[in-house]
Amino acid sequence: MWDWAIWGTLILSAVAGTGAVALLVMRGGEAWRRFRSTRRGVVDALGELAAKAEATEERAAAAGDTAELQESLARLRVSLARLAVLREALDEAQETFGRVTAFVPHK
């Protein structure tokens, strides 16, 4: 009497299991394709990065011997020294101004 229900359930389970396996295979294949393309992209990007690093190294080596670079470094050192003096002066002014404003009433 219940044979049709049991066989129907078994057939439905088999169809659902087959569908699940098919979906698993499809998703696995898609994940593998994405992995390969990502790996290729990473390898290509690393190759580009290495080429750019070599080009930068060559430019830096060529630029390291120029007189213009030495002049620029000298100007930079002078500017940094001026900046340090100006920062000290600003700190002193803020400290003094902070003491004065401590006594000024606020609204």
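Yes/no per residue for (1) among the hydrophobic types (A, V, I, L, M, F, W, C); (2) at pLDDT 90 or above; (3) not in a helix (DSSP H, G or I):
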{"position": "18", "(1), (2), (3)": "no, yes, no"}
{"position": "23", "(1), (2), (3)": "yes, yes, no"}
{"position": "58", "(1), (2), (3)": "no, no, no"}
{"position": "69", "(1), (2), (3)": "yes, no, no"}
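Residues considered: 9, 18, 38. Of these, the only one that is surrounded by 10 or more Cβ atoms within 10 Å (Cβ to Cβ), hydroxyl-bearing (Ser, Thr, Tyr) and within 31 Å of the chain's Cα centre (by Cα) is 38.
The values are calculated or read from the model by the stated rules, or taken from the named source; none is laboratory data. None of the values given here were measured: they were computed from a predicted structure. In this analysis, Cβ positions are derived from the backbone assuming ideal geometry, glycine residues included, and neighbour counts consider all displayed protein chains.
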